[in-house]
1. Going by amide H atoms built from the backbone, whose H comes under 5 Å of the H on Leu406, apart from near neighbours?
2. Averaged per residue, what accessible surface does the range 133-255 expose to a 1.4 Å probe, in Å²?
3. Do any of Lys244/Lys336; Lys244/Lys372; Lys316/Lys407; Lys243/Lys407; Lys243/Lys264 go past 25 Å between their Cα atoms, and which?
4. Which ³J(HN,Hα) values, rounded to whole Hz and listed in residue order, are derived for the range 202-213 from phi using the Karplus coefficients 6.51, -1.76 and 1.60 in 6.51 cos²θ - 1.76 cosθ + 1.60 with θ = phi - 60°, glycine and proline given as x?
5. Using the Cα centre as the reference, give the magnitude of the dipole from point charges on the C-beta atoms of the range 162-257 (Lys, Arg: +1; Asp, Glu: -1; all else neutral), rounded to the nearest 20 debye.
Amino acid sequence: MNSNFVFILIALALTAVVVVVLMWGLLRSRLTPEHKHEQANTKVYRPQLLDLEKEHAEGVISALSFEQTRAELLGRMLEDTAQTENATGSKSPRALVSAMVLAVLLPVAAMSTYVWLGQPQGLDPQMTAAEASQQPDLQAMADSLAQKLQTDSSDPQRWVMLGRTYRALNQYDKALPAYQKALDLRGDDDIALERAEVLALRRGGDFSGEPWAVIRQVLAKNARHFNGLALAGSASYAQGDYKKAIQYWQLARSELNENDEELKGLDIALNTAREKAGEPAMAPKQPAPSQASVASTVSASGAALSGRVSIDPTVKAQIAPTDVVFVYATPTDGQKMPLAILRKTVDNLPFDFVLDDSMAMNSASKLSSQTKVMLKVRISKSGEAMTRSGDWMGVLENVAVGSRNLKLVVNQQAP
């Protein structure tokens, strides 16, 4: 017999037993009180009548007194019986109605409670089977992808898919190398963010260190990167910094249209963070914040440099939109190794920038190790990191670490 059918039968049987017991308690008060009161009346008045008849037979009272007293006793007995019938008559219908209502409402209430708090979908064999087979299906998918990538490992998208599948299986140790393979084949900020999130998940939601560094690098290249802002909000929320989470998520929200599917989930996250922070629910969508405010948010803590890069109008005609733009800081003692660097293309000009320790090329030589630096911007047609003759550039000397609102202009050419 089908186990679901057995479950339903047992549930109905138990409900029926409860209903019968409760109805019996109600209906018993309807069926028995009248008889109990009649028996009580008989016990009270019958001895009096017997005594009266005995006294009359022994000549203690006259026939007239006997008849008067007997009529009085019978009248009182009839009166008491009538009152008892009226009382039970008024209670019995209500008891019957209560029993009938209980018989209907109790099963309905039980079923409603199960639908609300239980898992009725568990009675669907197909759904139950689908849920039971989902995990093996994902594992089979992961195994199949891994096998295919052994013979052809040149497709970064397959590596991403493998990483996501392992992530769905909570196999983070296997997901991380898959994401790294995809990054090695195609440097992509979205993939880097996914890998950073998985790294944090493997550590129980801890975004400190590398995950935060990746987030800051992405936002330094593009301060309006939606996934970067969204993950920055999640990282801040995980650290209990609800106000910062609100800032990042509000910036991410400003990048969405009112019809975007992500909007609803983001609004729920925002309101949750606002509740945690003791702030009122989210107001209607606010105007998009400026690039300067984004840069200020990203560099709110730690040693950093921020400002805006622009190009002299006389130089525009000599560069192409695809030329690479490097913004970097070097020590004032003449060392060439950048303390922090970011890379963009000319078509992003003008743009806001932030340099901080997360962009260091050498962990032993960071921006925070200096008090003053040389800030440079360089446009390279070849995309190489080394300066070439003819590259266009701009320089600010002796810039104090921690400076903001800097103006870096491309206005000179390397000899």
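1. Ser306, Gly307, Arg308
2. 47
3. Working: Lys244/Lys336 35 Å; Lys244/Lys372 29 Å; Lys316/Lys407 17 Å; Lys243/Lys407 29 Å; Lys243/Lys264 20 Å.
Violating the 25 Å Cα-Cα cut-off are Lys244/Lys336; Lys244/Lys372; Lys243/Lys407.
4. 5, 9, x, x, 8, 9, 5, x, 4, x, 5, 4
5. Numbers: 14 positive and 11 negative charges, 14 e Å.
My answer is approximately 60 debye.
The values are calculated or read from the model by the stated rules, or taken from the named source; none is laboratory data. A quick note: this is a predicted structure, and the numbers were derived from the prediction, not measured. Using ideal geometry, Cβ is built from the backbone for each residue, glycine included, and neighbour counts are taken over all protein chains shown. Protein only, heavy atoms only, side chains kept; ligands, DNA and RNA dropped before computing areas. Shrake-Rupley method; radii C 1.70, N 1.55, O 1.52, S 1.80 Å.
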